[in-house]
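Below: the structure, in structure tokens.
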Amino acid sequence: MSTTTSRAIRIDQHGGPEELKLVDVAVGDPGPGEIRIRHKAVGLNFIDVYQRSGVYKLPMPLQLGMEAAGVVEAVGAGVTHLQPGDRAAYASQPPGSYCEVRVMPAKCVCKLPDAISFETGAAMMLKGLTVQYLLSRTQPQGGLQAGDFVLFHAAAGGVGLIACQWARAMGLQLIGTAGSDEKCALALANGAAFAINYAKEDFVARVKEITGGKGLKVVYDSVGKDTFLKSLDCLQPFGLLANFGNASGKVEPLDIGLLAAKGSLYVSRPTLFTHIATRESTQAMADELFGMVSSGKVEIRIDQRFPLDQVQQAHRSLEARQTTGCTILTL
């Protein structure tokens, strides 16, 4: 058995960014169904903040990180879709991507096309696959057709900017919300049809104005507590609210009678990891994502880069909503 040493970021208890510690860990050989991968770049996501702070409680000690890209060093028994030397990228459970080298399940790791850089691969997997399942798989009754309006909160973030471009490619009119005029301009530059600065405007009233009073078939909401009830008010009868994150805090318990009163509405709380539960589903979704990026219909913006040992500052910037587009850790 061979063993190598890797720098990694670990926490020993839930808490603030100061809990993120740089440590050396021993990495062995992959077992059945596993690979060993040497990372070239690592993606940063809001789920990392939830796991660090304790919104999502996980056993300690915990090595954080849900996505990365690099080169496969070794494969375990039963792994047939990857081999040593392959360029690869992933969004995957369990956490652990904040490191140089790791052993992990091979199921959600995909070969990275040569046309896509490691940095882009690391930045896009979790966020891009999230947009894929939202726009392609989390649809209202009757589906989405070209010309339909959709509302997407946090439209200038990593997921949001991908969604703006993907929606444009589908012929949808995406209405994006953001917290500043600069972020609204960024959403518009990336394909949003309309942008609402929720710090200045009531987004419900603006949505009604844009849609001629009809409301929307669907709202995609990763903000959570601060926007949830108002998001319901943006929907037309039988509309769908897909809440896929809690950036402002967890949504309060819902009186289900509200859904009847507001027009027989639907609410979903989807997660990426349900969608990528199988190798086949992961690959099909990744193929669509790779196609969007390789064709130029979706450009992955990396607006922040932090060395691995500056991960505390990276988390502070993310939590303070000082970031736009994607953020990566460099090795």
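Side notes on the structure shown:
- Extreme residue, modelled with the highest pLDDT, among residues of the range 201-222 that are within 20 Å of Asn243 (Cβ to Cβ) and among the hydroxyl-bearing types (Ser, Thr, Tyr): Tyr220
- Hits in the range 21-45 - residues which are surrounded by 21 or more Cβ atoms within 10 Å (Cβ to Cβ) and not in a strand (DSSP E or B): Pro30, Asn45
- All conditions in (1) out of contact with any Phe, Trp or Tyr (no Cβ under 7 Å at 6 or more places or on another chain); (2) surrounded by fewer than 19 Cβ atoms within 10 Å (Cβ to Cβ); (3) within 24 Å of Ser317 (Cβ to Cβ) hold for Asp86, with the sole exception of (3).
- For Leu44: the one exception among (1) closer than 24 Å to Ala156 by Cα; (2) in contact with a Cys (Cβ under 9 Å, 6 or more places away or on another chain); (3) hydrophobic (A, V, I, L, M, F, W, C); (4) free of Cβ contacts under 8 Å to residues at least 60 places away in the same chain: (4)
- If only residues of the range 257-283 that are in contact (Cβ under 8 Å) with a residue 60 or more places away in the chain and not in a loop (DSSP other than H, G, I, E, B) are counted, the one that is nearest to Lys127 (Cα to Cα) is Leu272.
- Residue check for Thr278: in the same structural domain as Cys110 (by TED's automatic domain parsing), farther than 22 Å from Ala205 by Cβ, crowded, with 18+ Cβ neighbours inside 10 Å and among the β-branched types (Val, Ile, Thr): no
- Of all residues making up the range 175-189, the number that are surrounded by 15 or more Cβ atoms within 10 Å (Cβ to Cβ) and either out of contact with any strand residue (DSSP E or B) (no Cβ under 9 Å at 6 or more places or on another chain) or among the hydroxyl-bearing types (Ser, Thr, Tyr) (or both): 2
- A Cβ distance below 6 Å, combined with a sequence gap of six or more or placement on separate chains, defines the contacts here; from the range 93-119, residues that are within 21 Å of Asp29 (Cβ to Cβ) and in contact (Cβ under 8 Å) with a residue 40 or more places away in the chain reach residues that are assigned to a strand (DSSP E or B) and of a type in the set (Gly, Ala, Ser) in the pairs Ser97/Ala68; Cys99/Ser6; Cys99/Ala8; Glu100/Ser6; Val101/Ser6; Val109/Ala88.
- First in the range 178-197 and touching a residue at least 60 places away in the same chain (Cβ under 8 Å), second anywhere and surrounded by fewer than 18 Cβ atoms within 10 Å (Cβ to Cβ), Cβ under 6 Å, 6 or more apart: Gly179/Ala199
- Residue in the range 246-259 that is modelled with pLDDT of 95 or more and either of a type in the set (Phe, Trp, Tyr) or within 19 Å of Leu144 (Cβ to Cβ) (or both) present: no
The values are calculated or read from the model by the stated rules, or taken from the named source; none is laboratory data. Everything numeric here is computed off the predicted structure, so don't read it as measured data. For neighbour counting, all protein chains shown are included, and Cβ atoms are generated from backbone atoms with ideal geometry for every residue, glycine included.
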